[in-house]
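First the structure, in the form of structure tokens, and then the observations on it.
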Amino acid sequence: MFTNKAYKFWFCTGSQDLYGDECLRKVADHSAKIVEALNASGKLPYEVVLKPTLISQASIRQTFNDANNDAECAGVITWMHTFSPAKMWILGLKEFKKPLCHLHTQFNEEIPYDTIDMDFMNENQSAHGDREYGHIVSRMGIERKIIVGHWSRESVQQKLADWMITAIGCIESSHIRVCRFGDNMNNVAVTEGDKVEAQIKFGWEIDHYCVNDVVEYVDAVSKGDVDALVDEYYSLYKVIDDGRDADEFRRHVAVQAQQEIGIEKFLVENNYQAVVTHFGMLGGLKQLPGLAIQRLMAKGYGFGAEGDWKVAAMVRLMKLMTAGKKDAKGSSLMEDYTYNLVAGKEGILQAHMMEVCPTVAEGDVSMRVTPLSMGNREDPARLVFTAKEGPAVATSLVDLGDRFRLLINAVDCKKVEKPMPKLPVGTAYWTPQPNFEDGCEAWILAGGAHHTAFSYDLTVEQMVDWANYMGIETAVIDKDTNLRQFKNELRWNAAAYRK
Ligand code: MN
């Protein structure tokens, strides 16, 4: 159910009627060739649709408003083939509400040294026209992505592809609805936040229910449906029984299957795409949802633990942005748990009480039933695995009281040196960039949480672009982070984002 709509991106070329019909015919022809090549590249996750060349204020304004009103249009790519006086663009840009990309390219790759004349120069002047256009977008303070380079180049196409995914995150953010069962865990600061401001900034609807509202749905699930889902679990996952009786093990697993079906039915009927639980507020639930939540996350639902609705919405956002991505490595809630401080091997062991999404797993995914050290319920069943290696991003959206800050850390995921047979949870292990000490110091300095929304399939740049579009502060910790400079950035941000 969690595939994106068949989104499209409009390609709008700017020009003017000063150059005559022959020139405008070539402009349209060049634009068509570029769009055709972009769509044929296989690099772009969404289709590009060519629009007629824009040469007047009226047509520009009409096109941007049509883009606003077209449910399938997720953003507009603009390019000035010739000079297009930018006052013509003011009203259209002012009324435009979707993600904007400025593709600063040129039809010809090389200067045609032997034949170039003034006619050619007047026809191919992106260097000139794109500056006029860029000026007005900057003067109007409109957020946009600028991508520079020849349209045939793979790196340019990749940047466009990445931006499209960011644009989907911008468009889809306002469709995220988070269902909270109960409230945030008492006394915890970092999982709190201003839900009204979150709706204003991100469009998220954040509601709450009594946990027993979902218990009714769980209790109503038929035994046949539970048995069928348990059979599916046994066909997908290995069993690590820890010496438990096989029937007893299966009964514990069945509780989670019943929860998966019941919770999902509740979410679907009430139109929620993200969910929050709290181990201290389980009402009539027999177990803390573990395996059930892991499965729901793998299906594309967002999840936050202990009432953490910000992480639930961010995980859902990541699932939406990466939906349908080829060779995706996964996105999940994570939690900074335990350090390895051995020199040269420093890293953070990531896990949660149970709820780590199995999309990040590499190798076997196993089921285990073990006690929780917290709460007062049955031993819950959960999926156990270790996560993939490679670069990833860990993000933390924090509420600083007067504003949101999105903290984005580039991390390098690794395998732990040895198996951890007694640890019954899905885990990841990473070293934050630029290195363990500076990464952790910067994270703490910026007020980052212990819960993160994590993905292998998104980049720092994409998350920064998303946050910029949402109008919130970002703080990036990556290979270029210098602590003294980082501390100053936070100071400057406090001034720049003051209300
Ligand atoms: Mn937690």
ask   = For the cross-link pairs Lys8/Lys329; Lys8/Lys326; Lys329/Lys415; Lys238/Lys265; Lys326/Lys388; Lys97/Lys299, which exceed 21 Å when the distance is taken from alpha carbon to alpha carbon?
value = Lys8/Lys329; Lys238/Lys265; Lys97/Lys299
ask   = Got a sec? How would Arg251, Arg316 order by Cβ neighbour count within 10 Å, fewest to most?
value = Arg251, Arg316
key: Anisotropy class of the stretch 168-222 from Cα gyration tensor, a/c 1.5 cut   = oblate
request  = Kindly put Ile472, Ile444, Ile477, Ile171 in sequence by how many other C-beta atoms sit within 10 Å of each C-beta, fewest to most.
outcome  = Ile444, Ile472, Ile171, Ile477
ask   = Where both residues lie in the chain, what percent of DSSP beta bridges are antiparallel, nearest 5?
value = 45
query = In percent, what relative contact order does the stretch 211-296 have, based on Cα pairs under 8 Å that are 6 or more apart in sequence?
reply = 47
note = In whole angstrom, the spacing between the Cα centers of the stretch 113-149 and the stretch 343-418 equals 46
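In what sequence do Tyr337, Tyr233 fall when counting other Cβ within 10 Å, fewest first?
The most exposed by this proxy come first: Tyr337, Tyr233.
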query = Scanning the chain for helices, which whole DSSP H stretches are 24 Å or more long along the axis (Cα) and average -1.0 or more by Kyte-Doolittle?
reply = 21-40, 154-173, 246-269
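Given the DSSP H assignment, sum -39500 (n - 2.57) over each helix run of at least 4 residues in the chain and divide by its residue total; what's the result at 222 nm in deg cm²/dmol, nearest 500? Let's see the in-between values first.
Working: 15 runs with 192 residues, N = 499.
Value at 222 nm, helices only: -12000 deg cm²/dmol.
Read-outs throughout are calculated quantities, based only on the coordinates presented, and are distinct from any laboratory measurement. Keep in mind it's a predicted model, so treat the numbers as computed, not measured. Cβ sites come from the backbone with ideal geometry, for glycine too, and all protein chains shown count toward neighbours.
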